[in-house]
Amino acid sequence: ADHINRQETVKETFSLANAPNEPSWLGLAGTLPYLGTSLSTVYLSWVLNTPWPVSSSFVNKFLISQETAHQLMATLEPIQLGYGAIIISFLGAVHWGMEYAEKVADPARARFRYGLGVMAPIMAWPTLFLPVPFALTGQFAAFVALYFADARATVRGWAPAWYSTYRFALTAVVGVAIAISLIGRAKVGDAKPRLTGLSEKFHEHRGEESYSEKWAELEEKDAKKDDSEGK
């Protein structure tokens, strides 16, 4: 009985049955870019930590060059962080829209809504200047803080009754996506911010001959040869 009750509690916690169809489907669709960039990060991290090509022709079908993976990873960073900043700002702006629709003035409610609308971008956009792991962590903290603010607004009747559960479910999805991204990036290089240290990784010779040193030796021999011929 306790097991069944726990299952029912989990279902109710993540259930969007009471939310209108439009925000439910659009909200879930809005998490797809986060999930897509997170899963792509895991794949690219695997590529960056795998010598290419490998001995298995089957595995090679799923690999790309490390230079390409590095370029794609660098492209995903601003996409994921920029999208997160936009969504956080949007969550604050939702309260401005709800306040505009009110017919009866309430100073406490207005201060809460307008203040939240301003605080959301203040929390979101500075994360774009942080190293990626700290930026992702900061954005997750902003999502969680906004969820608690939305839950408070729901309890006080300043948001629809379904809004708190709706926001919890979407925040959980975003949290999982951010965790996947952080785990993936932790596997790259020495887990340094903004993928520093990857340049050394790309130039590893893995036991191969150092061609830069070889060319330097040849140039030195040619220079000595020219000197001796000139004399």
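Spatially, region 126-151 and region 30-100 are offset by 17 Å when compared through their Cα centroids. Computed over protein heavy atoms with a 1.4 Å probe, the carbon and sulfur contribution to the accessible area of region 31-178 reaches 74%. If contacts are Cα pairs under 8 angstrom and at least 6 residues apart, what is the relative contact order of region 62-143 in percent? Contact order relative to length: 36 percent. Applying a DSSP loop filter and a limit of 14 other Cβ atoms within 10 Å to the chymotrypsin sites (Phe, Trp or Tyr not before Pro) in region 56-159 leaves F62.
Its alpha carbons give region 97-136 an Rg and a Dmax of 14.8, 45 Å.
For a modelled paramagnetic label at L130, 7 Å from Cα along Cα-to-Cβ, the residues of region 61-96 in reach, with backbone nitrogen under 17 Å, are 77-89. The label-point distance for V118 and L28, in a model that sets each label 7 Å from Cα toward Cβ, rounds to 3.7 nm.
The values are calculated or read from the model by the stated rules, or taken from the named source; none is laboratory data. Bear in mind that the values here come from a model prediction, so they are computed numbers and not experimental data. Every residue, glycine among them, receives a Cβ derived from its backbone with ideal geometry; neighbour counts consider all protein chains shown. Each accessible area value is taken on the protein alone, full model and side chains, heavy atoms only, with ligands, DNA and RNA left out. Shrake-Rupley method; radii C 1.70, N 1.55, O 1.52, S 1.80 Å.
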